[in-house]
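Working notes for the structure below.
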Amino acid sequence: MPVSKMKWKKYTIKTTTAAEDLVSGMLMDLGMEGVQIEDNIQLSESDTKAMFVDILPELPPDEGIGMVSFYLESDNEGVHFPEGIKDEEDMRIKIAQGLKELEDFVDVGEGTITSDETEDKDWINNWKQYFKPFMVNDIVIKPTWEEVPDDMVGRMVVDIDPGTAFGTGSHETTQLVIKQMEKYINNETELLDVGTGSGILSVIGLMLGAKHVIGTDLDPNAIIATDENMEANGISKERYEVIEGNIIDDPAIKNHIGFEKYDVVTANILADIIIPLLPEILPHMKINGILITSGIINMKEQAVKDAFRSLDGFEIVETTYQGEWVSVTAKRVK
Ligand SMILES: C[S@@+](CC[C@H](N)C(=O)[O-])C[C@H]1O[C@@H](n2cnc3c(N)ncnc32)[C@H](O)[C@@H]1O
């Protein structure tokens, strides 16, 4: 699929941090898509988890200003406004009315609207320009829309389009798991991939010879992406299953996955999620089964290891590092 080169016009409303969510909602009601908020409020714990960052960025002080932006497609005929909006003037009037209604509930601040010159920007597909074929050990990982470069021909090739799910393979945490999988997966392996994202680890597990994989994720986009990536790599439906749900607290998922069944389990999720996952994953593993955890920022290495050691059943066999990230591999010993 070629990288889309649509043109977009960006409009930005200067408001307050208190009003930014309401302003976004108002814009979405008017039919705007891709609404973005920028402010200097520190991310909450749940936001950081969703964004997969363990370290909070240092931001300048929050001065209560929030910028809410949206993008409209534009071409030679001009900007394409959502249904019900005639032109730019009509849009500005409708937004001003919307802000006025919100004023009864919250301080909307300046409420000024600025626009950027039309730019060649596609915020959904932009990242694709930077996703190029690369290698992890001997495995070539490439976007589905790129050819295998000449110097990488003849190796195992994994095609990936993560869509909106996590997992191009370029993140250190994913690479740490792939390198461990190469050591432990063989033709007898039953694999469980907790937090499958794009399905990249499941696909690689099967390509390395695993008999079957079950992937789980909380994100419905991960299910779609995994199906697509299995197909892109010519993997038949009998070899895998991907399910939406949480093995931490959903007994139906636990029963479905089955107990004492897995030779290898991968879990590339944040340390704060891995810690409560460990006792839940243990009973699904065979004795001598291997659990490869990743997504652990170095400052949380000790906490994850303490969690492993507090459980009667795991023995840590290896710790590997890439950049500021850590992967802990453990064996089920009883
Ligand atoms: C860092 S991504 C890893 C994606 C892919 N496995 C990789 O290695 O590139 C973590 C994934 O875990 C999912 N996740 C978070 N908590 C989970 C849980 N309790 N059970 C299953 N998946 C979870 C997220 O939705 C996200 O897709």
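The values are calculated or read from the model by the stated rules, or taken from the named source; none is laboratory data. No experiment lies behind these values; they were computed from the predicted model shown. Because the Cβ atoms are built from the backbone with ideal geometry, glycine has one as well, and the counts that use them run over all protein chains shown. With ligands, DNA and RNA removed, areas are computed over all heavy atoms of the protein, side chains included. Shrake-Rupley method; radii C 1.70, N 1.55, O 1.52, S 1.80 Å.
Worth pointing out:
- Filter result (surrounded by fewer than 21 Cβ atoms within 10 Å (Cβ to Cβ) and either at pLDDT 95 or above or away from the ligand (no atom under 12 Å from the Cβ) (or both)) within region 172-183: K179, E182, K183
- Taken as a whole, region 152-165 holds no residue that is in contact with a Phe, Trp or Tyr (Cβ under 7 Å, 6 or more places away or on another chain) and touching a residue at least 24 places away in the same chain (Cβ under 8 Å).
- Scanning region 212-234 for residues being closer than 22 Å to H284 by Cβ and away from the ligand (no atom under 15 Å from the Cβ) gives a total of 1.
- Some residue of region 143-157 being within 14 Å of the chain's Cα centre (by Cα) and either assigned by the TED database to the domain that holds E231 or surrounded by fewer than 18 Cβ atoms within 10 Å (Cβ to Cβ) (or both): no
- Residues that are open to solvent by 20 Å² or more (accessible area, probe 1.4 Å) and more than 10 Å from the ligand (Cβ to nearest atom), drawn from region 269-299: I275, P279, L282, P283, K286, I287, N288, N298, M299
- Considering residues of region 96-114 that are outside any loop (DSSP other than H, G, I, E, B) and touching a strand residue (DSSP E or B) at 6+ places or on another chain (Cβ under 6 Å) only, the residue most open to solvent (accessible area, probe 1.4 Å): T114
- In region 187-196, the residues that are within 11 Å of the ligand (Cβ to nearest atom) and acidic (D, E): D193
- Filtering region 258-268 to residues that are aliphatic (A, V, I, L, M) and either under 20 Å from the mean Cα position of the chain (by Cα) or within 11 Å of the ligand (Cβ to nearest atom) (or both) leaves V265, A267.
- Top-ranked residue of region 218-248 - restricted to ones that are crowded, with 24+ Cβ neighbours inside 10 Å and at pLDDT below 95, ranked as nearest to W145 (Cα to Cα): A225
- Condition check for G169: in the same structural domain as P279 (by the TED database) and either surrounded by fewer than 13 Cβ atoms within 10 Å (Cβ to Cβ) or away from the ligand (no atom under 15 Å from the Cβ) (or both): no
- Residue among G163, G209, G199 that is near the ligand (Cβ under 8 Å from one of its atoms) and either touching a Ser or Thr at 6+ places or on another chain (Cβ under 6 Å) or open to solvent by 10 Å² or more (accessible area, probe 1.4 Å) (or both): G199
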